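Here's the structure, in structure tokens; my notes come after.
The values are calculated or read from the model by the stated rules, or taken from the named source; none is laboratory data. Quick caveat: nothing in here was measured; it's all calculated off a predicted structure. Virtual Cβ from ideal backbone geometry, glycine too; neighbours counted across all protein chains shown.
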Amino acid sequence: MNYPHIPHQVRIVLTNLWKTYELETYSFTALPAVQTRTVTIPSTVPTGTYAISVVVDPDDRIPESNENNNGDSVFVDVQKMIVVGPIGPIVTGTNSD
């Protein structure tokens, strides 16, 4: 059942044993059956293993017979990206000496 008067909310969080980072929360007036979303993990997040979780209707605003099946999680390893420096131009050719 669709409840057009109640905005559908989706929350994406990154969690380890010590801290939860809210990556994004957004709303829909009608929730699509399938959607792809790209989120950015802030550079301030320490390296380690985290659960990234997506929860639809996190505040239980939409009446349902089962409020316990609105989310899912997967484990991800967060690693720092190291930038060594600028990459110079690539020169190709032959030596005419």
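Tabulated data
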| item | result |
| --- | --- |
| Residue match in the range 58-66 (condition: in contact with a strand residue (DSSP E or B) (Cβ under 7 Å, 6 or more places away or on another chain), part of a strand (DSSP E or B) and modelled with pLDDT of 75 or more) | no |
| Flag if SER96 is modelled with pLDDT of 80 or more and over 25 Å from TYR21 (Cα atoms) | no |
| Residue count for the range 18-51, restricted to those that are farther than 19 Å from ASN70 by Cα, of a type outside the set (Val, Ile, Thr) and surrounded by fewer than 12 Cβ atoms within 10 Å (Cβ to Cβ) | 5 |
| Within the range 15-49, considering residues that are hydrophobic (A, V, I, L, M, F, W, C), within 12 Å of VAL78 (Cβ to Cβ) and in a loop (DSSP other than H, G, I, E, B), the one modelled with the highest pLDDT | VAL45 |
